[in-house]
Each structure stands twice: as structure tokens, then as C-alpha cells.
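Values quoted throughout were computed directly from the atomic coordinates according to the rules given, and no laboratory measurement underlies them. No experiment lies behind these values; they were computed from the predicted model shown. Here the Cβ is made from the backbone with ideal geometry for all residues, glycine too, and neighbour counts use every protein chain on show.
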Amino acid sequence: MAEKRKILLIDDDRDFLMATKLILEKNGYEVLTAENGKAGVDAIRSASPDLAIVDMMMETWGEGFSVISEVRAMEGGKDLPLIILSGVDLQGPYQSFEPSEQFPRVDLILHKPVKADDLIKHVKALLG
């Protein structure tokens with residue numbers, strides 16, 4: 001049997017983490033969770049997930065951006081598929097920026113709450 005693909009969820013909302021973890025596990029993924037940006041970055045270093053889903057706003061407004069910047073700067077982090085989740089509509093402002101140090105590249109921006117079917121569809125598309 002093929003090895004399960006590993007997904008890391010980084011969000012400070014425990015209910016969201018647990019609900020999303022169940023959805024992803026039910027669809028055959030191994031799921032790791034982190035409740036803040038620092039724990040998330042550490043988990044990416046130690047567990048080498050196949051994909052990370054990062055909440056934009058945790059303790060601070062820009063915590064998600066900080067996580068993404070650190071991931072993109074680390075060895076092997078440039079190619080890690082990243083999905084950003086946001087409770088506010090970032091699509092417009094984020095899309096208008098070229099990736100830079102302040103706004104590193106992300107693969108997808110999803111608006112919270114995300115429907116389970118949509119999340120799975122996007123995860124499958126990114127993981128191939």
C-alpha cells in the first residue's frame with residue numbers, strides 16, 4: 001500500500017484543527033497539527049509534510065505570513081505546497097502582489113469556513 005501523504009495544519013483554533021484533521025484523515029491522509037506559527041515551522045522542519053495548510057491570522061494578524069516566509073526560506077521549503085486560510089477575503093489584495101520577501105508565494109488561498117468537499121478537492125489537486 002502506498003504511504004499516506006502527510007498534511008500539516010497550522011491554526012490556533014483547536015475546534016477547526018480537530019474538525020479538519022478528521023476530514024483529511026477520513027480521506028486517507030496522515031495529519032499533523034500545530035497551534036501556532038512557531039510550532040508549525042518546527043513541525044515542517046522535523047516531519048517534512050507533503051503539504052501545509054496555514055491560517056493567516058493566529059495570535060497576530062501576520063503570523064501566517066511569517067510562517068510562510070520562514071518555510072520558503074528553509075531548505076526544501078520552496079517547493080512545499082502551501083494553502084492559506086483566511087477569515088477575511090485576501091484574494092484581492094494578496095493576488096495583486098507579486099511574490100516577494102514580504103508576500104511569499106502560496107499555492108492557494110481559501111476562505112474560512114471551507115467546505116469539506118472543496119478542501120479535499122484542492123488538497124488532491126496540489127498533491128497530485
For this session: Provide the gained length on full extension for the span Asp79 to Lys26, in nm with one decimal, where the gain is 0.36 nm per separating residue minus the Cα-Cα distance.
Result: 16.5 nm
Exercise. So if we plug the beta-carbon distance of Ala19 and Ser46 into 1/(1 + (r/R0)^6) with R0 = 30 Å, what FRET efficiency do we get, rounded to 0.05?
Worked result: 0.80
Seminar exercise, completed: For Lys4, the aspartates and glutamates lying under 15 Å Cα to Cα, once residues fewer than eight places off in the same chain are dropped, come out as Glu25, Glu30, Asp50
Exercise. Given a Förster radius of 30 Å and the C-beta distance between Ile109 and Thr60 as r, what FRET efficiency does 1/(1 + (r/R0)^6) yield to the nearest 0.05?
Worked result: 0.95
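Using the count of nearby Cβ atoms within 10 Å as a rough guide to exposure, how do Leu85, Leu22 rank from fewest to most?
Values: Leu85 25, Leu22 12.
Final ranking by Cβ density, sparse to dense: Leu22, Leu85.
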